[in-house]
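One structure below.
The values are calculated or read from the model by the stated rules, or taken from the named source; none is laboratory data. Given the structure is predicted, the values throughout are model-derived calculations rather than measurements. Cβ placement follows ideal geometry from the backbone for every residue including glycine, while neighbour counts extend to all protein chains displayed. Just the protein is used for accessible areas: all its heavy atoms, side chains included, with ligands, DNA and RNA removed. Shrake-Rupley method; radii C 1.70, N 1.55, O 1.52, S 1.80 Å.
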Amino acid sequence: MKRVLLGLLVLAQALGCSPAAWAHAFLDHARPAVGSTVPSSPAEVRLWFTQELEPAFSTARVEDAAGKRVDNKDGAIDAGDPTLLRVTLPKLEPGRYRVTWRVLSTDTHVTEGDFTFDVAR
Ligand SMILES: [Cu+2]
């Protein structure tokens, strides 16, 4: 019985998720917050995830309402917090912006998503 259980544990790890936590890395919260309106152009977008991320395969981009990329293309995992992905921004005009993220968590699963925020007039 012990051997079977051990086999299942090894299988679970091979599949990528630890038996204790089957979840992948999902967006926990963001700043600017999902769907929010901020009074002025934020200096950066910060994305906090539910798991630690693999730096080489975790990216975020910010586009304006016309679909033009506006971020500084410097998306990176925070040096002190492996669940935090940051990308800096130039000064943004008022309007709606879409943040798209795609991350690889340390459990080897890729997840992706997007949301918008508004810069107030
Ligand atoms: Cu997973």
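Pairs linking a residue in region 33-46 that is assigned to a loop (DSSP other than H, G, I, E, B) to a residue that is at pLDDT 95 or above and surrounded by 15 or more Cβ atoms within 10 Å (Cβ to Cβ), with Cβ atoms under 6 Å and 6 or more positions apart or on different chains, are V34/F115; S36/F117; S41/L92; S41/V119; P42/P32.
I'd like the full set of residues that are open to solvent by 40 Å² or more (accessible area, probe 1.4 Å) and assigned to a loop (DSSP other than H, G, I, E, B), limited to region 110-121. Matches in region 110-121: R121 only. Note on region 58-108: residues that are buried (at least 17 other Cβ atoms within 10 Å of the Cβ), part of a strand (DSSP E or B) and among the hydrophobic types (A, V, I, L, M, F, W, C) amount to 10. Of all residues being open to solvent by 70 Å² or more (accessible area, probe 1.4 Å) and among the hydrophobic types (A, V, I, L, M, F, W, C) in region 22-57, which is nearest to V87 (Cα to Cα)? Just the residue, please. This residue is A43.
Rundown of residues vs (1) among the hydroxyl-bearing types (S, T, Y); (2) closer than 19 Å to G113 by Cβ; (3) modelled with pLDDT under 95; (4) within 11 Å of the chain's Cα centre (by Cα), yes/no style:
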| position | (1), (2), (3), (4) |
| --- | --- |
| Q13 | no, no, yes, no |
| A33 | no, yes, no, no |
| S36 | yes, yes, no, no |
| S41 | yes, no, no, no |
| R61 | no, yes, no, yes |
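Residues in region 98-121 that are at pLDDT 95 or above and small (G, A, S): 2 in all.
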